[in-house]
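Throughout, read-outs are computed from the coordinates displayed, never taken from laboratory work. Source: prediction; values computed, not measured. Virtual Cβ from ideal backbone geometry, glycine too; neighbours counted across all protein chains shown.
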Amino acid sequence: MTVAPEEFAPPVPPASEVFADALAHLVSDTVERQRILGSGAFEAIGEGAEVRLSSGRTMLDFGSYAVPLFGHRPATVTRAVRAALETLPTSTRLLTNPYAAALAARLAALVDPGRLDKVSFGLNGADAVETALKLAIARTGTPSALAVQGGFHGKSMGALALTHDPLRRGPVRGFLGDVRHLPLEPDAVARAAREAPFAALIFEPVQGEGGGRAIPPELLRRWSADAHAAGAFVLADEIQCGLRRCGPVSVSVSEGVRPDAVLLGKPLGGGVMPLSAVVGTRELFAPLAADPYFHTATFGGHPASCAAGLAALDLLDTVAESLPAVAARLAAGVAALAASRPGSVVGVRSTGLLAAVEFGDATVAGLAVLEAGRRGLLVGQSLSRPAVLKLLPPAVTDAAQMDRAFAILDAGCRAAERRAARSG
Ligand SMILES: Cc1ncc(COP(=O)(O)O)c(C=O)c1O
């Protein structure tokens, strides 16, 4: 349930003005792509699984960086945020913030009760990654980490050191810390431990930007045991796959991996506010017990974000109810797409509400994004594997919307193939 947008009557500037400002002062290539995707209009109002544009047209949203898991503008979340804004729109940081306290307690009780007991809040996923990495390095005294080939953990400097994306690492390579990226082999962690010590192993149980690839649970359990045997921490980055996007609240905990921290973000703020969290063991958080100012940030635990987080957690049961049906339709949709486009689609994968369509050619994938956009569907390419389109439907997507999305995607793929054939 969303609140009628008419209640807010947002000012709608002319699109020409918006694009002139954005092209002049933001990253112009990105804005130009957005202009094409919106057919010259900008995003105006989010509503459930759809976004209404300034032109009045609506688009289905299977993109949005995986944020609107509960749909756009869930009423319970926007209400909770408004209530916080009316009373405590920011925290003194010198006094105890009841929203942060309540959300920390809820997360500790939810993610891995009794084991993952301490919480640190940030605003972006990369904040959570940076915090967890910094704590692990400080606690072990070892300035080195293991990550996974194909893994994505963000683009701030510490997070980028863990991200396996040669293109984005290249320009700042000399400034990135010591990280070894492992192949998906059972012995990889034990082998790395024999070569040199490390503070932490970080992985995504389901790689999002790496192309929707689920890492086998038995591999994660073996790696986790080997990392622990080497005296290192295990960090599960569930910023994209967690909070029921891929089924469980925590994929790694549900698979018996026993991480020392689960990192959450994206939908944690209810798709309304920026919020991320490290939910970890007391052992990992020990450097903060020794020095509470070892890691702080001005807006950490922001009351409005934590109010949104509390309302978001209340929605997780609703997601659990709708997820099997929506996930089944999504899986059936990508399978049918692969069957109908054997010339361009080389593989599909899906885990819960995260599906991937792999094209033989990244150019066709890029064109398919544009052609789907023209027809009313927002999807994105995987950041580290541009030949892969990621489909991230909100849990509120109904059967008719799912059918519409796949009809658009099929037509978009056909058009992309034709355009690629003409230009190639
Ligand atoms: C698994 C994972 N970790 C970390 C991040 C970084 O999050 P943010 O962009 O909010 O900093 C992302 C973003 O896509 C992600 O998918």
Looking at residue 108, is it surrounded by fewer than 24 Cβ atoms within 10 Å (Cβ to Cβ) and either basic (Lys, Arg) or more than 12 Å from the ligand (Cβ to nearest atom) (or both)? yes
If you go through 156, 224, the only one that is surrounded by fewer than 18 Cβ atoms within 10 Å (Cβ to Cβ) and either over 19 Å from residue 388 (Cβ atoms) or within 14 Å of the ligand (Cβ to nearest atom) (or both) is 156
Please find, among 168, 82, 173, the residue that is surrounded by fewer than 17 Cβ atoms within 10 Å (Cβ to Cβ) and touching a residue at least 12 places away in the same chain (Cβ under 8 Å). 168
Among the residues in region 382-399, are any in a strand (DSSP E or B), surrounded by fewer than 21 Cβ atoms within 10 Å (Cβ to Cβ) and in contact (Cβ under 8 Å) with a residue 24 or more places away in the chain? no
Going by the structure shown, is residue 281 of a type in the set (Ser, Thr, Tyr) and either under 28 Å from residue 198 (Cα atoms) or buried (at least 23 other Cβ atoms within 10 Å of the Cβ) (or both)? yes
From 196, 214, 200, residue being of a type in the set (Gly, Ala, Ser), more than 15 Å from the ligand (Cβ to nearest atom) and over 19 Å from residue 104 (Cα atoms): 196
Tell me, which residue of region 62-84 that is assigned to a helix (DSSP H, G or I) and touching a helix residue (DSSP H, G or I) at 6+ places or on another chain (Cβ under 6 Å) is nearest to residue 211 (Cα to Cα)? 66
